[in-house]
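A single structure is presented below for examination.
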Amino acid sequence: MTGTMSLVSQLTNAVSTPIIAAGGIMDGRGLAAALALGACGVQMGTAFLTCPEAGVHPAFQQALLDVDDDSTVMTRTFSGRPARGLRNRYISEMEDSGVPVLPFPLQNTLTGSLRAAAAKANDTDFMSMWCGQAAALSRGLPAAELIETIVAEYQEAANSAFHSSIG
């Protein structure tokens with residue numbers, strides 16, 4: 001559960017292997033920070049989930065756009081493996097119930113029909129909505145526009161850092 005930036009800093013000091021930062025990077029500032037800490041690149045997952053091209057269920061995309069900063073949780077309740085996603089009714093009720101979660105793949109198989117029915121009914125209370133901690137920074141832009149925005153933000157952050165350091 002080490003944060004991305006701390007992990008990147010530690011890894012770049014410990015290994016000579018190129019590091020690709022992943023986790024919580026949603027904008028150009030995060031990209032700039034990761035590169036400043038020694039990463040050679042970044043992987044951005046959640047940032048692209050709300051792009052129209054993503055093929056993500058529309059109700060899940062809307063939930064991402066409506067999320068608060070503290071709406072994600074680590075859970076095993078859907079699959080049996082720990083994963084981060086948006087808290088919903090299913091996760092809350094499973095955690096409160098005391099019912100044991102089966103190991104993967106049994107729990108995943110057990111919840112499969114529930115998840116499929118929820119998707120069909122546009123019911124986010126019973127969907128698995130996997131995403132990262134920074135989901136609240138989701139934008140809902142087309143992918144090309146999102147990339148252009150991230151590049152512009154990166155350039156602004158890099159220029160700002162440069163001017164601050166000489167200044």
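Each value in this text was obtained by applying a stated rule to the coordinates, not by laboratory testing. On a predicted model such as this, the values are computed, not experimentally measured, just so you know. In this analysis, Cβ positions are derived from the backbone assuming ideal geometry, glycine residues included, and neighbour counts consider all displayed protein chains.
Based on the mean of other beta carbon atoms within 10 Å per residue, what is the order of 11-20, 112-121, 67-76, most packed first?
Highest-to-lowest ranking by the protection proxy: 67-76, 112-121, 11-20.
Quick one: compute the contact order of the chain, relative version, from alpha carbon pairs under 8 angstrom and 6+ residues apart, as a percent.
28
Further, regarding this structure: Taking other Cβ within 10 Å of each residue's Cβ, how do D123, D66, D27 sort, fewest first?
Ordered from fewest to most neighbouring Cβ atoms within 10 Å, D123, D66, D27 come out as D66, D123, D27.
For the range 57-134, with only Lys/Arg (+1) and Asp/Glu (-1) charged at the beta-carbon, what is the dipole magnitude about the Cα centre, in debye rounded to 20?
On the way: 7 positive and 9 negative charges, 87 e Å.
Value, rounded to 20: 420 debye.
Would you be so kind as to identify which of A33, Q133, P100 lies farthest towards the positive end of the dipole of the chain, taking Lys and Arg as +1 and Asp and Glu as -1 on Cβ and the Cα centre as origin?
About the Cα centre, the residue reaching furthest to the positive side is P100.
If I stretch the segment between E53 and D70 completely, what's the gain in nm (0.36 nm per residue apart, minus their alpha carbon distance), one decimal?
Computed gain between E53 and D70 is 3.5 nm.
Can you give me the Rg/Rh ratio for the range 43-148, using Cα atoms for both radii and the Kirkwood formula for Rh?
Values: Rg = 14.1 Å, Rh = 14.3 Å.
Over the Cα atoms of the range 43-148, Rg/Rh equals 0.99.
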